[in-house]
Amino acid sequence: MTRPLSLDLRERVVASILAGESCRSVADRFGVAVSSVVKWSQRHRATGSVAPGKMGGHGKPVLDLHRAFIVERIAQTPHLTLHGLKAELAARGVKVSHHAVWMFLRREGLRFKKNAIRP
């Protein structure tokens, strides 16, 4: 992902829009996309600032709050599938993806052993 364009450029673009120029002519003059000009002017009208929003970061793990339930379910039903666990969580009101369940189990070191012979 690329980094946001400079705040100085954004301010000059919005100032041109506020002066009455069209979005297309401002976009041509400053060499940016028309959609960027529109979005920056909308952001300025809504917030009073043209500063870019936060980029990147990680979301908080949703399943950490339900760790006890997940560990208990795996202990009770070792043959439970990821999709089955996802369905049980959905029944409790926790909507997560198959991948989120898999990543949680992997991060916590919890494993599904479907065959007792295999280590």
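The values are calculated or read from the model by the stated rules, or taken from the named source; none is laboratory data. Bear in mind that the values here come from a model prediction, so they are computed numbers and not experimental data. Note: ideal-geometry Cβ built from the backbone for every residue, glycine included; neighbour counts use all protein chains shown.
Against the definition (at pLDDT 90 or above, surrounded by 13 or more Cβ atoms within 10 Å (Cβ to Cβ) and among the β-branched types (Val, Ile, Thr)), how does residue 62 come out, yes or no?
The answer is no for residue 62.
Are there any pairs with C-beta distances below 8 angstrom linking a residue in segment 16-38 that is closer than 18 Å to residue 6 by Cβ to a residue that is of a type in the set (Lys, Arg), with the two at least 6 apart or on different chains, and if so which?
From segment 16-38, the pairs are 16/29; 30/12.
Could you check segment 35-48 and list, in sequence order, the residues that are surrounded by 13 or more Cβ atoms within 10 Å (Cβ to Cβ), within 23 Å of the chain's Cα centre (by Cα) and of a type in the set (Ser, Thr, Tyr)?
The one that is surrounded by 13 or more Cβ atoms within 10 Å (Cβ to Cβ), within 23 Å of the chain's Cα centre (by Cα) and of a type in the set (Ser, Thr, Tyr): 36.
Listed residues 48, 56; which is at positive phi and at pLDDT below 90?
Details: 48 fails: at pLDDT below 90.
Being at positive phi and at pLDDT below 90 holds for just one of 48, 56, which is 56.
On the basis of being surrounded by 13 or more Cβ atoms within 10 Å (Cβ to Cβ), modelled with pLDDT of 95 or more and in a loop (DSSP other than H, G, I, E, B), does residue 32 make the cut?
On the way: surrounded by 13 or more Cβ atoms within 10 Å (Cβ to Cβ): yes; modelled with pLDDT of 95 or more: yes; in a loop (DSSP other than H, G, I, E, B): yes.
Judged against the criteria, residue 32 is a match.
Inside segment 53-77, can you point out the residues that are assigned to a loop (DSSP other than H, G, I, E, B) and either of a type in the set (S, T, N, Q) or closer than 15 Å to residue 102 by Cα (or both)?
61, 77 - these are the residues of segment 53-77 that are assigned to a loop (DSSP other than H, G, I, E, B) and either of a type in the set (S, T, N, Q) or closer than 15 Å to residue 102 by Cα (or both).
Go through segment 72-111 and report how many residues are of a type in the set (A, V, I, L, M, F, W, C), modelled with pLDDT under 90 and loosely packed, with under 13 Cβ neighbours inside 10 Å.
The total comes to 1.
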